[in-house]
1. Consider B:P145 against the criteria (1) within 15 Å of the chain's Cα centre (by Cα); (2) facing chain A (nearest Cβ under 10 Å): it satisfies all of them except one. Which criterion is unmet?
2. Collect the residues in the range A:227-246 that are touching a helix residue (DSSP H, G or I) at 6+ places or on another chain (Cβ under 9 Å), surrounded by 15 or more Cβ atoms within 10 Å (Cβ to Cβ) and within 17 Å of A:E188 (Cα to Cα), keeping them in residue-number order.
3. When both residues are 6+ apart or on different chains and their Cβ atoms are under 6 Å apart, which pairs have a first residue that lies in the range A:113-128 and is without any contact (Cβ under 8 Å) to a residue 40 or more places away in the chain, and a second that is part of a loop (DSSP other than H, G, I, E, B) and hydroxyl-bearing (S, T, Y)?
4. Would you tally the residues in the range A:357-378 being in a loop (DSSP other than H, G, I, E, B) and either touching a residue at least 40 places away in the same chain (Cβ under 8 Å) or acidic (D, E) (or both)?
5. Among the residues of the range B:27-65 satisfying the criterion of being acidic (D, E) and more than 27 Å from A:V36 (Cβ to Cβ), which is surrounded by the most Cβ atoms within 10 Å (Cβ to Cβ)?
6. Filter the range A:379-422 for residues that are of a type in the set (A, V, I, L, M) and outside any loop (DSSP other than H, G, I, E, B); which is nearest to the chain's Cα centre (by Cα)?
7. Considering the range A:268-311 alone, what residues qualify as being in contact (Cβ under 8 Å) with a residue 24 or more places away in the chain and either part of a strand (DSSP E or B) or among the basic types (K, R) (or both)?
8. Restricting the range B:66-86 to residues that are buried (at least 24 other Cβ atoms within 10 Å of the Cβ) and facing another protein chain (nearest Cβ under 9 Å), which is farthest from A:G640 (Cα to Cα)?
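The values are calculated or read from the model by the stated rules, or taken from the named source; none is laboratory data. Treat the numbers as computed from the prediction; the structure is a model and nothing was measured. Cβ: placed from backbone, ideal geometry, glycine included. Neighbour counts: every protein chain shown.
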Amino acid sequence: MQGNGSAGVVGNGNGAGEDLRIGVFICHCGGNISDVVDVKRVAERIRKLPGVVFSDTHNFMCSDPAQAMIEEKIKELNLNRVIVAACSPTLHALTFRRTLERAGLNQYLFEHVNIREQVSWVVEDPEAATRKAERLIRAAVKRIGHLAPLDKRRIPVHRSALVIGAGVAGLVAARDLAKCGMKVDVVERSPFIGGRMAQLGKVFPTGEDARPLLSKLIQEVVHDPNVTIFTSTEVLSSVGIVGDFRTKVRTTPRGVDARLTYVGNAIAACPEETISEFNYGLTKRKAIYMPHPNCYPQMPAIDWGTCTKCGKCLTAVGGKGIDLKDEPREVELHSGVIILATGYDPYEPLYGEYGYDVFPEVITLQQLWRMLDWEGPTGGQIQRGGKPIKNIAIIHCAGARQYQGISMPQPDGKVKDYCARTCCTAALHASLEVKERWPEINIYDLHQDIRTYGRGHEDYYKHASEAGVTFLRFDGHDLPKVEKDLRGEAPLVVKVIDQLTNGREIEVPADLLVLATGVVPHDISELIDMYKCAIGYDSFLLEVHPKLRPVELAVTGVFIAGSCQGPMDITECTAAAAAAASKAAAMIAHGQVEMEPFIAQVNEELCTGCRTCLVVCPYDAISRDESRGIAVVSTAVCTGCGTCAATCPSNAIVQLGFQDDQVLAELNALLDREAALVL
Amino acid sequence: MADQVMTADVSTRASATFEPRIIGFLCYWCSYTGADMAGTARMKYPPNIDIVRLMCSGRIDPELVATAFAKGADGVLVCGCHIGDCHYMVGNHKTMVRIPLLQRVLREMGIEPQRFRLEWVSAAEGARFQKIVREMTEQVRQLGPLNWPGLMRSRGVGHGMDLKPWGEV
């Protein structure tokens with residue numbers, strides 16, 4: 001053992017009590033490291049340290065021959081610890097851990113020293129860089145004696161999935177999972193499935209009708225025997241961990257069943273009215289309603305918030321098919337994984353924002369699309385205020401790309417500063433639709449920038465320009481102003497400082513002002529608490545990594561699909577949902593999940609049961625065993641942040657792989673006298 | 001100073017060639033990757049900082065910081081994800097409270113604020129990491145060697161503190 005009296009754990013994973021036999025492998029990285037760091041000198045000096053039995057360099061340590069060499073040395077010299085000094089561990093730690101595994105050594109008896117990104121690429125002086133590299137490797141040599149073999153966590157996964165939300169993303173995810181033979185439960189809060197896609201008349205970039213497309217998707221999903229859909233159903237609570245989630249849901253009765261034949265009579269008889277969410281408030285609907293004729297399921301539902309249970313609908317249909325006394329039902333759904341596909345809401349402009357709610361001529365782009373829909377509330381006609389529409393102004397970025405101090409703040413004091421991505425193309429698509437039907441209408445498009453980023457989206461910009469849409473550009477710090485037109489030409493006048501004409505103030509008449517509103521996440525605060533979801537600065541759900549793990553949440557086994565993650569068009573939602581489904585399917589198909597072992601562990605003798613760790617754990621992974629009066633870590637829930645280990649007043653919790661003695665050994669080695677001289 | 005060895009040590013280290021020893025405790029997800037980013041962009045900074053990688057800045061036990069100073073560090077830099085970006089959702093919220101409190105305690109114990117910094121560095125902020133390390137190294141260089149154990153003993157406190165600043169584990 002080392003002469004410094006280190007209390008390290010020694011052994012190769014198969015038994016303790018052996019001497020440390022450390023192999024140190026230093027990489028040249030083809031000159032990336034060795035041009036600055038004198039790797040030969042470092043290897044020689046490290047070779048002299050106690051416990052080190054092998055220390056050498058290689059041109060490319062990550063290459064197959066070099067890995068084979070490491071494997072060989074482990075076997076030949078009976079190494080029980082391996083240090084690789086090379087690039088950042090984010091790149092190749094896994095590579096070398098696998099090398100250890102192949103050589104029959106526990107993969108966690110490994111230290112990766114970063115001498116490229118954090119030494120050779122940042123330190124100018126070769127001498128200083130060489131010394132720093134040596135210091136860091138020395139620290140790893142000291143630390144590695146304290147490592148113990150660890151095992152990956154393996155958790156069995158139940159062969160089923162729960163999808164929350166039955167919009168496009170949820171349906172696609174459910175369809176794809178069901179096709180893999182997985183059992184899928186889909187939970188939808190509203191009585192109808194299909195989400196917001198049905199509210200769009202046409203969709204870009206193909207110009208297809210939205211509802212037939214959606215119908216096709218719905219038919220695929222609902223006729224799959226693996227799929228069970230729960231409408232009017234809310235998630236109440238969820239317990240469990242990846243592989244074994246138990247989710248309690250409550251289904252509000254529909255009030256209507258398949259025996260109902262005279263749907264029209266029932267709806268006509270209903271005396272209660274409320275605003276139609278489907279038409280964004282352009283029309284009213286009854287308490288017993290169908291949002292649109294092609295909705296799914298093809299039967300009405302009763303909105304219990306509006307219904308007074310007067311019974312007139314029941315009389316009108318002869319007492320069959322409607323039940324006003326049905327009670328809510330609760331069931332528990334068992335699933336191995338969960339996909340959140342909770343979608344978005346269009347941004348609702350504040351009172352007075354660009355004259356919204358003040359002037360009846362101000363509408364949102366969503367409302368315009370409802371009007372343009374041939375099956376919509378106006379039968380495809382644009383109407384507002386009774387007068388014929390001659391001039392339409394469209395203002396982009398209403399509730400998007402706002403600046404603090406310029407735009408009206410939201411109730412939370414913040415402004416919506418992110419780009420909502422879809423509204424530029426949607427607005428241009430609408431402009432073009434209007435121009436095609438009524439070429440005589442003047443359209444003024446007021447934008448900060450036109451962001452038609454997707455395939456085929458730019459064509460809408462091009463065609464809108466060709467069709468004669470007038471583009472005016474404003475600065476987000478100098479927003480257009482909407483006023484009553486006192487000359488009486490049009491009801492409204494929009495004043496804009498136009499950047500395209502060197503900042504001239506231009507007045508645009510508007511019979512109709514359309515706000516191309518942004519996108520906000522659907523309110524799912526309860527689910528966020530339940531599943532410990534990470535939230536981005538824009539309040540949308542936050543993936544683990546935008547490039548490497550784009551549809552996963554930090555909580556293992558919970559995936560995100562579609563516009564709950566950020567503003568997306570249907571194309572992107574579908575792609576995201578398919579990705580989430582394939583990730584989930586892979587997890588289920590594998591039958592188990594493997595997780596890193598760097599989790600918290602309680603030393604039962606030291607634990608006083610003070611509950612401090614319970615409070616700081618971001619994942620509720622620690623509970624208190626009341627009978628024994630100690631903290632217990634759920635190994636499957638723990639994500640290994642180590643916050644509890646830093647907090648425990650009795651030092652009773654350690655984080656495996658980052659234990660106090662391991663980190664302190666590293667610290668001591670970095671700061672010891674010899675190392676100091678190395679600087 | 002009571003301790004002869006310490007005095008000698010300080011005098012040699014306080015010479016014109018004084019190179020401060022700085023320990024950086026970095027969370028793996030944002031700040032460590034941010035430091036890597038500085039490397040990828042070949043942004044040069046002094047070699048005085050040695051980075052200790054932890055999974056989350058919430059893991060940074062005050063004891064680790066105190067030990068670093070007690071063992072001879074002239075400065076300690078703690079870096080974590082920006083608030084709201086924590087890989088573990090709220091791990092850095094603990095850091096945000098814990099470290100400033102520790103800064104106040106250590107200031108009372110003779111450690112100047114420049115020697116013990118808390119900074120948020122995202123995975124993309126290589127330039128920010130470079131700037132912080134350059135600035136901090138220069139400031140600590142100006143302040144001179146810390147020799148915290150010696151300082152504590154000169155105040156007649158520090159009993160129980162590891163009196164061998166360069167000692168082994």
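1. Going through the list (1) within 15 Å of the chain's Cα centre (by Cα); (2) facing chain A (nearest Cβ under 10 Å), B:P145 breaks only (2).
2. Hits for the range A:227-246 are A:V227, A:I229, A:E234, A:V235, A:S238.
3. Short answer, once both residue conditions are applied: A:N114/A:S88; A:E117/A:S88; A:V122/B:Y45.
4. Qualifying residue count, the range A:357-378: 9.
5. Per the criteria, the residue is B:D61.
6. A:A398
7. Within the range A:268-311, A:E273, A:T274, A:I288, A:Y296, A:A301, A:I302 meet the criteria.
8. B:G72
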